[in-house]
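> If you scroll down you'll find the structure; I have some questions about it.
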Amino acid sequence: MEKNNIKKQNLYVNEEEKTLNWEEIQSSFKKTFGNEIYSSWLQKISLEKEFNDYLILGVPTRFFRDWIVSRYLDKILEQVKSFKLSLNRIEFKIIEENKQNKDSIQIDQISKVTEIKDSILNYNRLNPHLNFENFIQGKSNDIALSYSKKVCEQLSRYNPLYICGGVGLGKTHLLNAIGIDLQNVNNVMFISAERFMYHFIKSIKKNDMVNFKDFFRKSSVFIIDDIQFLSGKESLQEEFFHTFNSLIDKGSQIIISADRAPMKLERIQDRIKSRLAGGLVVDIESPDLELKIKIIKKKLQEIQIQFNENISLSEDVISFLASESKTNIRELIGVLNRVIAFTRVHNKTLTIADCKNILKDVFNQIRVITVDKIQNVVSNYFNIALSEMLSQRRSRPLARPRQVAMYLAKKMTTRSLPEIGRRFANRDHTTVIHAVKTITRLSEQDDEMKKNINQIKSLLLEQ
Ligand code: ADP
Ligand code: MG
């Protein structure tokens, strides 16, 4: 392990570590959720893959997944965590995609929704731990943070405020912080787009759209998280559009988050995109080393205050953790928690070698990055068809993404230059060399390119 290069391993497969007994977990679901919910929903979930800090669960349809995510995910995670402490994330894979249901919410699916009792209020929860005080400022989030605060000081000045950025970079944290800051003065509504969908479906089913409309339109601050979730869901977009317009008309402040800029959202109506872009768009970028170090130190300090426990890590170890955790702040915190847990148990001052050992499976994690995957992610990212990206056409809007994909294939897989060339419609390896050089140069000189590369890398590492 010591001799291996951790950075490299980051990208390759490791062995799955199977410890969970799914039947046992299923029976705990049954106890927690009750027979009815269990047999309509949870029983149908299968365990597809198990990794040290996350699981891939199988579900029958996209609708099913959205439903589970919006309604039960937190509880499921909590339950499974009690069997496996290292877990911090669950992903879903659709096992038998019901083609009919692919892009829209089908009415026949809605009938399944009936029995579940719920109140909208339950979902309008703000998490008191995600506030401005513990949001750490850095170069990557500076602008987003300062405008989030400005919105709180002067409502409707930037409307909507649209915060975008990759996974785990602090969007939900900021949205929550805004909600908390304003909660005493205003009628604040905070909801994820998934839950918005959930209420929407429920209201259709109950023939209660009037209440739904009223409920969301009466807020004076409407905060909606992960708006990319509306992608492809036409009827939901329609409803959102009306809600949005009527809120703006009456002068309510709207705050939105998404994983990308408005114009880059896919399968979202153009008129919605332009409304989303009509206020102020700010983005959060990947954290730099300095911010990561600050976050680690702050977390250590919090532990000190909260538990009156002195966990100290050397500067070297802190820098090591910060620089090795590549993708996002959520992962960084996960890594730190693991190191802290180890320190507690063994009661010793850790060295970098200890950390490598503790974290080997985190840094080794699956993340099978293949040329195919890179090609898909890159073409998606730049909004071009894969076939065009691979074609012989040389126009810049196709050539640049193609070069980016070649560059990433070289950097993130073990494929040789000729192999990569072959995967790009049989190009010569010299073309790949040229692409690698060009993108290396551009990513040093051009901020936009640097940002694109970082975002694509995070997407690849997250999938
Ligand atoms: P996103 O919604 O963009 O996926 P989150 O807001 O859920 O990301 O952030 C992931 C985790 O990282 C959360 O625990 C959050 O509190 C933490 N986090 C993100 N940015 C910061 C920051 N600047 N300071 C402190 N914690 C942060
Ligand atoms: Mg979020």
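The values are calculated or read from the model by the stated rules, or taken from the named source; none is laboratory data. Note that this is a predicted model, so its numbers are computed, not measured. A quick note on method: Cβ atoms are made from the backbone with ideal geometry, for glycine too, and the neighbour counts reach across all protein chains shown.
> Are any of the residues in region 143-158 closer than 26 Å to Ser325 by Cα, in a loop (DSSP other than H, G, I, E, B) and modelled with pLDDT of 95 or more?
no
> Since Ala261 meets every condition but one in (1) under 30 Å from Ile352 (Cβ atoms); (2) within 22 Å of the chain's Cα centre (by Cα); (3) surrounded by fewer than 17 Cβ atoms within 10 Å (Cβ to Cβ), which condition does it not meet?
Single failed check for Ala261: (1).
> Now a separate question. Can you name every one of the helices (runs of 4 or more DSSP H) wholly within region 374-428 that holds 2 or more residues which are within 21 Å of Gln455 (Cα to Cα) and of a type outside the set (Phe, Trp, Tyr)?
386-390, 396-412
> Could you list, in sequence order, all residues of region 215-226 that are under 12 Å from Glu239 (Cα atoms) and either not aromatic (Phe, Trp, Tyr) or not assigned by TED's automatic domain parsing to the domain that holds Val151 (or both)?
Scanning region 215-226 gives a single hit, Arg217.
> What do you reckon, is Lys294 in a helix (DSSP H, G or I), at pLDDT 95 or above, among the charged types (D, E, K, R) and not assigned by TED's automatic domain parsing to the domain that holds Glu448?
Criteria met by Lys294.
> If you go through region 299-308 one residue at a time, do you hit one that is crowded, with 19+ Cβ neighbours inside 10 Å and not in a loop (DSSP other than H, G, I, E, B)?
The answer is no; no qualifying residue exists.
> Let me ask something else. Could you look through region 158-174, keep only residues that are aliphatic (A, V, I, L, M) and surrounded by 24 or more Cβ atoms within 10 Å (Cβ to Cβ), and pick out the one that is farthest from ligand 2 (Cβ to nearest atom)?
Leu161
> Okay, moving on. What residue, of Leu417, Leu386, Leu461, Leu390, is over 24 Å from Asp288 (Cα atoms) and touching a Ser or Thr at 6+ places or on another chain (Cβ under 6 Å)? Walk me through it before giving the result.
Numbers: Leu417 fails: touching a Ser or Thr at 6+ places or on another chain (Cβ under 6 Å); Leu461 fails: over 24 Å from Asp288 (Cα atoms); Leu390 fails: touching a Ser or Thr at 6+ places or on another chain (Cβ under 6 Å).
The unique qualifying residue is Leu386.
Residue-wise test of (1) in contact with a helix residue (DSSP H, G or I) (Cβ under 8 Å, 6 or more places away or on another chain); (2) of a type outside the set (Asp, Glu); (3) modelled with pLDDT of 95 or more.
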site: Val432; (1), (2), (3): yes, yes, yes
site: Glu448; (1), (2), (3): no, no, no
site: Asn452; (1), (2), (3): yes, yes, no
site: Gln455; (1), (2), (3): yes, yes, no
site: Ser458; (1), (2), (3): no, yes, no
site: Gln463; (1), (2), (3): yes, yes, no
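> Restricting to region 175-192, and then to whatever is closer than 29 Å to Ile456 by Cβ and more than 9 Å from ligand 2 (Cβ to nearest atom), can you tell me which residue is surrounded by the most Cβ atoms within 10 Å (Cβ to Cβ)?
As a first pass, look at region 175-192 and keep what is closer than 29 Å to Ile456 by Cβ: 175-178, 192.
Pick out the ones that are also more than 9 Å from ligand 2 (Cβ to nearest atom) and you get 176-178.
Working: Asn176: 23, Ala177: 23, Ile178: 26.
Checking each candidate, the answer is Ile178.
> Tell me, please, whether a residue that is within 26 Å of Ile284 (Cα to Cα) and either within 16 Å of ligand 2 (Cβ to nearest atom) or surrounded by fewer than 20 Cβ atoms within 10 Å (Cβ to Cβ) (or both) can be found in region 383-390. Talk me through it step by step, then tell me what you get.
Looking only at region 383-390, we keep the residues that are within 26 Å of Ile284 (Cα to Cα), and these are 383-384.
Remaining after also requiring either within 16 Å of ligand 2 (Cβ to nearest atom) or surrounded by fewer than 20 Cβ atoms within 10 Å (Cβ to Cβ) (or both): 383-384.
Yes, there is a match, as at least one residue in region 383-390 is within 26 Å of Ile284 (Cα to Cα) and either within 16 Å of ligand 2 (Cβ to nearest atom) or surrounded by fewer than 20 Cβ atoms within 10 Å (Cβ to Cβ) (or both).
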